[in-house]
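A.B. asks: Please find one structure pasted underneath; my questions will follow.
Any read-out appearing in this document is the output of simple, stated calculations on the displayed coordinates, not a laboratory observation. This one's a predicted model, so the numbers in the text were calculated from it and none came from an experiment. Every residue, glycine among them, receives a Cβ derived from its backbone with ideal geometry; neighbour counts consider all protein chains shown.
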Amino acid sequence: MSSHDPPVAIVATDAPTRVKRSIYPEPFASRMDGRTKQPIGDLFGLSNFGVNLTRLALGGTSSLRHAHSKQDEFIYILEGQPTLHTDEGEMLLVPGMCAGFKAGTGNAHRLVNNTTSDVVYLEVGDRTAEDEVTYPDDDIHAQFVNGVWIFTHKNGTSY
């Protein structure tokens, strides 16, 4: 195996932490300061979907509340008790619980850690091209174009 071949298996917590905490533009990126991601799917060369081991410190949030037009998402709680925020309201999750977010439903979601213990979860999402993301609570819109996220204000002007 060369140094560029993906591993066969790893201990997920040994995966390198993503250097850039958020791809959001400011003023939104700094709101993700309590979140740490380890992109474990990338280590294996996965290209159709991503897998992250994500940790939320006290007050940390997984993302802005959002809904994808074409990309499905799935989370599985490993440690801690995050609060899931969706259009239906708030729900406390515990280890062993999971949730899925089907693309195109418009149901915006995010996790928030309101406890004193860290939250650790797996997040899985596909990488369907031409995805758009709506953010009902914030003045931001995203489009996935040629493998890159483009962020604008809701009126279409650039950040």
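A.B. asks: What size of dipole, in debye to the nearest 20, comes out for region 18-152 about its Cα centre when the only charges are +1 on Lys and Arg C-beta atoms and -1 on Asp and Glu C-beta atoms? The partial results should precede the final answer.
C.D. replies: Values: 12 positive and 18 negative charges, 83 e Å.
Dipole about the Cα centre, nearest 20: 400 debye.
A.B. asks: While we're looking at this one, here's another question. What number comes out for the charge environment of residue 134, summing +1 per Lys or Arg and -1 per Asp or Glu over other residues with Cβ under 15 Å away?
C.D. replies: Values: positive: 65, 70, 102, 110, 154; negative: 73, 87, 130, 131, 132, 137, 138, 139.
Charge balance in the 15 Å sphere: -3.
A.B. asks: Quick one: 3J(HN,Hα) in Hz for region 112-127, Karplus 6.51/-1.76/1.60 with θ = phi - 60°, rounded, Gly and Pro as x.
C.D. replies: With the stated coefficients, region 112-127 comes to 10, 9, 9, 9, 8, 9, 5, 10, 10, 8, 9, 10, 10, x, 7, 10 Hz.
A.B. asks: Rank 64, 143, 38 by how far each Cα sits towards the positive end of the charge dipole of region 18-152 (+1 on Lys, Arg Cβ; -1 on Asp, Glu Cβ) and give me just the farthest.
C.D. replies: 38
A.B. asks: Scan region 1-52 for chymotrypsin sites (Phe, Trp or Tyr not before Pro) in coil per DSSP, keeping those whose Cβ has at most 13 other Cβ atoms within 10 Å, and list them by number.
C.D. replies: Details: sites: 28, 44, 49; in loops: 28, 44.
In loop regions of region 1-52 (DSSP not H, G, I, E or B), the sparsely surrounded chymotrypsin sites (Phe, Trp or Tyr not before Pro) are 44.
A.B. asks: Between residue 154 and residue 117, what is the spin-label point distance in nm, taking each point 7 Å from the Cα along the Cα→C-beta axis?
C.D. replies: 3.8 nm
A.B. asks: Which of 24, 76 has the fewest other C-beta atoms within 10 Å, and how do the rest follow up to the most? Let's see the in-between values first.
C.D. replies: On the way: 24 20, 76 15.
Ordered by Cβ neighbours within 10 Å, fewest first: 76, 24.
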